[in-house]
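Enquirer: Okay, here's the structure, questions in a sec.
The values are calculated or read from the model by the stated rules, or taken from the named source; none is laboratory data. None of the values given here were measured: they were computed from a predicted structure. Glycine also receives a Cβ, built like all others from the backbone with ideal geometry; neighbour counts cover every protein chain displayed.
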Amino acid sequence: MMFCWNCRCGANILVRTIHTALCVGVPVTLLVKDTILSRAVIQTQDLLYGIAYLLLMTLSIVFYYLACFIDPGYLPLKKKKASVNNNSEDEGSDEDSSMLKNGDKDVKYRMCDYCEIQQPMRAKHCEDCKRCVRKYDHHCPWLEACVGERNHKFFLLFLLATAMLVLWTFYIAWNAIVFRLDWSDWFKANFLFFIDIIILIFGGFVVVGLLCFHSYLMVKGMTTWEAASRERITYLKYLDDDYNPFDEGVCKNMYYFLCVCKVRKWESVYSKKADVNGNGGIV
Ligand SMILES: [Zn+2]
Ligand SMILES: [Zn+2]
């Protein structure tokens, strides 16, 4: 398993410490006060409930760090042009491209000036990581890491575990609120739960929203970058708006997304779909 180490150490440590503190801190406040969770764990009234909750919390943190540290699919630096193309005029901006023979098909490849490599299809240079990433999705500021072909599944699993954890924690905190006639008494009694609920509502909207969006991308065989910048992407901009050449059907899309660790040769998928659909395909 490869790990990504870049030079943004300060930001990495800060954001990951904040995330871990929130993931552990909120449940701890529910353990020290009188809640369903503290009765289950501390008073051992329902150990199974407590173990299930703590297991979900651990899974959420583990998936977060797997998404942070697993190589998203960085391409090696300066494997310059090799025998691929001798035309120096094709080097340049992101939109520049050169033609490669892929079987009996011509497929467009892009150059990355920074890495000085020819990018495979669906790869993109990340300004934050300063590397090209296979099947680039986005650079996540909450992970301080890129999400790409190799770690996208862990990012989705992190979102799934965290969404479940947030909803469960919200239920525990909401049910722990005690009634007081006086406002200041109520605030004193419920201060920690009040703070927890504010964090959970804000975090819950973000996490559940991202979970829905990335589940949709998985099912449709798309990436955030392709969904957001289709009209600027060389291999997509000439195709019909509703046509995705990487969509191989829900089951196959999910299988390759969740179960396959090896990187894929997307040029082959692209060519195959163009053959089947006759949709302009390769230009
Ligand atoms: Zn690059
Ligand atoms: Zn990045």
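Enquirer: State all residues of the stretch 111-144 that are within 16 Å of the chain's Cα centre (by Cα), more than 13 Å from ligand 2 (Cβ to nearest atom) and either of a type in the set (Asp, Glu) or surrounded by fewer than 23 Cβ atoms within 10 Å (Cβ to Cβ) (or both); if no residue qualifies, say none.
Expert: none
Enquirer: Let me ask you something else. Which is more than 16 Å from ligand 1 (Cβ to nearest atom), buried (at least 16 other Cβ atoms within 10 Å of the Cβ), at pLDDT below 90 and assigned to a loop (DSSP other than H, G, I, E, B), of Asn85, Asn6? Walk me through how you get there before you give the answer.
Expert: Values: Asn6 fails: more than 16 Å from ligand 1 (Cβ to nearest atom).
From the options Asn85, Asn6, the qualifying one is Asn85.
Yes/no matrix, rows are residues, columns are (1) basic (Lys, Arg); (2) surrounded by fewer than 13 Cβ atoms within 10 Å (Cβ to Cβ); (3) in contact with a Cys (Cβ under 8 Å, 6 or more places away or on another chain):
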{"position": "Leu30", "(1), (2), (3)": "no, no, no"}
{"position": "Lys33", "(1), (2), (3)": "yes, no, no"}
{"position": "Thr44", "(1), (2), (3)": "no, yes, no"}
{"position": "Leu55", "(1), (2), (3)": "no, yes, no"}
{"position": "Leu59", "(1), (2), (3)": "no, no, no"}
{"position": "Val62", "(1), (2), (3)": "no, no, no"}
{"position": "Pro72", "(1), (2), (3)": "no, no, yes"}
{"position": "Leu75", "(1), (2), (3)": "no, no, yes"}
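Enquirer: Scan the stretch 190-248 for residues that are assigned to a loop (DSSP other than H, G, I, E, B), over 19 Å from the mean Cα position of the chain (by Cα) and of a type in the set (A, V, I, L, M, F, W, C) and jot them down.
Expert: Answer for the stretch 190-248, where residues must be assigned to a loop (DSSP other than H, G, I, E, B), over 19 Å from the mean Cα position of the chain (by Cα) and of a type in the set (A, V, I, L, M, F, W, C): Ile233, Leu236, Leu239.
Enquirer: Still on this model: Considering the stretch 34-55 alone, what residues qualify as being of a type outside the set (S, T, N, Q) and more than 19 Å from Phe193 (Cα to Cα)?
Expert: Across the stretch 34-55, the qualifying residues are Asp46, Leu47, Leu48, Tyr49, Ile51, Ala52, Leu55.
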